[in-house]
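Contents: one structure, followed by commentary.
The values are calculated or read from the model by the stated rules, or taken from the named source; none is laboratory data. Keep in mind that this is a model prediction, so the values were computed, not measured. Reconstructed Cβ throughout: ideal geometry from the backbone, glycine too, with neighbour counts over all protein chains shown. The protein model used for the area step is the full one, side chains on, heavy atoms only, and it has no ligands, DNA or RNA in it. Shrake-Rupley method; radii C 1.70, N 1.55, O 1.52, S 1.80 Å.
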Amino acid sequence: MRVHLPAPQDGLMDPAPALFAIRIKGQLGATVLSAFPAMVPHQHGTDTVLTGLLDRSALFGVLAEVEALGLDLLELRKGEP
C-alpha cells in the first residue's frame, strides 16, 4: 500500500485576496460584463481590462466564466491590493 503525503497547502485557507487585472480581447458589452459583478471594467484600446480584488477561488471562477463565454484571454496580472 502506498502512502501519499499531504501537499504543503492541504488544509490551508485561500491566501488573502489580491488585486488582479484580466485583459480580454475586444470591447465587452453590458450583457457580458454582467457576468463579472466583482470586477471593474476599463477600456484599454480595443481590449477590455477587468480589475478586482479576488481570492484564489474567485479568480478561478472568473477565469472559468471567461472560458465559458468563449472570450479571448490576453493577459492576467497580479498586483498589490
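Here are the numbers:
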item	result
Other-chain or far-sequence residues with amide H under 5 Å of G52's (modelled H)	F20, V40
Area of L76 that stays accessible when all protein chains are in place (1.4 Å probe, Å², to 10)	80 Å²
At R0 = 22 Å, FRET efficiency that the Cβ-Cβ distance of E75 and S34 yields, to 0.05	0.50
With all protein chains modelled, accessible area of E67 [1.4 Å, Å²]	150 Å²
